[in-house]
1. If only one of 123, 101 is over 29 Å from residue 282 (Cα atoms), modelled with pLDDT of 95 or more and out of contact with any Cys (no Cβ under 8 Å at 6 or more places or on another chain), which one is it?
2. Determine, yes or no, whether residue 172 is open to solvent by less than 60 Å² (accessible area, probe 1.4 Å), farther than 14 Å from residue 189 by Cα, among the aromatic types (Phe, Trp, Tyr) and assigned to a strand (DSSP E or B).
3. Does region 259-269 include one or more residues that are open to solvent by 30 Å² or more (accessible area, probe 1.4 Å), at pLDDT below 90 and part of a loop (DSSP other than H, G, I, E, B)?
4. List the strands (runs of 3 or more DSSP E) that sit entirely inside region 294-352 and contain at least 2 residues that are modelled with pLDDT of 95 or more and more than 13 Å from the ligand (Cβ to nearest atom).
Amino acid sequence: MISRRDLLAISGAGGLALATSRALAAMAGASPSPKPSMRPSPPAAAHDLYSKLTTANLMSLPPLTPAGRVTPSGHRRQFTLTIASGTVEPLSGHQVQTMTVNGTSPGPVLRFTEGDEADITVVNQLDQPTSIHWHGIPVAFAKDGTLSQAPIQPGSQYRYTFIAPQAGTYMYHAHYHEMEQDSIIGMIIVQPRSAAREPHYDLDVPLVISSFRWESGRNTEAKAILANAMMMSDMTPDPKADPKPGMGDAMERMDMVSYWGLNGKTFPATAPINVKLGQLVRIRFANVTNMTHPMHLHGHWFRWIAQDGAALAQPQAMNTIAVDPGRTIDIDFIANNPGVWPLHCHVVAHSVDNRDLMAGIVTVVRYEDYSLPTAMRNM
Ligand SMILES: [Cu+2]
């Protein structure tokens, strides 16, 4: 496991040299029988490093080109989304009872090409009404899943149709009892009719930022435990602080508030983004939580290329981007710096758990065959 101290060491000016082998080995998924190191040549590495001290290569990539006009493609794409109660496992051994879409949360990524007719049947197997909102997509008023539409009653279904708009990243989510139904979420990806309007991406990664509510009856209790734990860590004992539950119990209970995640998993259960040197990688963020998540990538700059499904005429170079609630953000980067690099929310409470270990909205960009130097592995 990776502690906050390790994370700070990796993030800080001292860089990798300060990171413990424990942290890096965990991120690299290092096995007891390590493979040989991928790029051992020091002169080449030094040269590569200097060439990375600018964003020129990244910014020479073309921007995404928006569609001039979307016309019907003549294709109909049908999906069935079944909303039901279910169990998910954000972390191995930690099960959460929630509401699911086709058995998972987030639900499946729905993919279209511009101008396709989306034909989506939503089946409600909950014991309460629901409806689905097509976030960012200009659908007909009666299909918006909100005020214009009677909710889908338990045991019944509703058919949504709309035309897939200009290429970009969108999402869907429940718009009925939103607090309770906040796990009914998913991403929509619309591809351009002409591939020439976008750079060729070797990898296109959807990342839905999600959270899992702990049992609502324990909300107050969790806050009290958090307050106590913070006071204890500051070494400023408060005589009024409730000595019960004890710290051990507090630790155990605090696990319940740690389920911030990516694609329904919380680190270290999140899927790594496996890249090869030289690849062009696109990442699509969708945030349906109620907090802003400043997503930071180590070791690289990236371009901010689109927001809310709309391409930016002038992409911006950055390495941290705030993904606001209700927003989709697209970024891309050149995989030019081998390693096992964290990509994480920079709000510490969203990326570190109660035991100071990396958790929550954290994943890694992991280069193929990259392994840690032997010396670090054995430290
Ligand atoms: Cu966050």
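1. Numbers: 101 fails: over 29 Å from residue 282 (Cα atoms).
After applying the criteria, what remains is 123.
2. On the way: open to solvent by less than 60 Å² (accessible area, probe 1.4 Å): yes; farther than 14 Å from residue 189 by Cα: no; among the aromatic types (Phe, Trp, Tyr): yes; assigned to a strand (DSSP E or B): yes.
No: the conditions fail for residue 172.
3. yes
4. Once the strands (runs of 3 or more DSSP E) in region 294-352 are filtered for at least 2 residues that are modelled with pLDDT of 95 or more and more than 13 Å from the ligand (Cβ to nearest atom), what remains is 302-307, 310-318, 327-334.
Residues checked against (1) more than 18 Å from the chain's Cα centre (by Cα); (2) not assigned by TED's automatic domain parsing to the domain that holds residue 303:
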residue: 114; (1), (2): yes, yes
residue: 126; (1), (2): yes, yes
residue: 135; (1), (2): no, yes
residue: 166; (1), (2): yes, yes
residue: 169; (1), (2): no, yes
residue: 181; (1), (2): yes, yes
residue: 189; (1), (2): no, yes
residue: 192; (1), (2): yes, yes
residue: 204; (1), (2): no, no
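The values are calculated or read from the model by the stated rules, or taken from the named source; none is laboratory data. Note that the structure is a prediction, hence the values are computed from the model and not measured. Positions of Cβ are generated from backbone atoms using ideal geometry, with glycine treated the same way; all protein chains shown enter the neighbour counts. Just the protein is used for accessible areas: all its heavy atoms, side chains included, with ligands, DNA and RNA removed. Shrake-Rupley method; radii C 1.70, N 1.55, O 1.52, S 1.80 Å.
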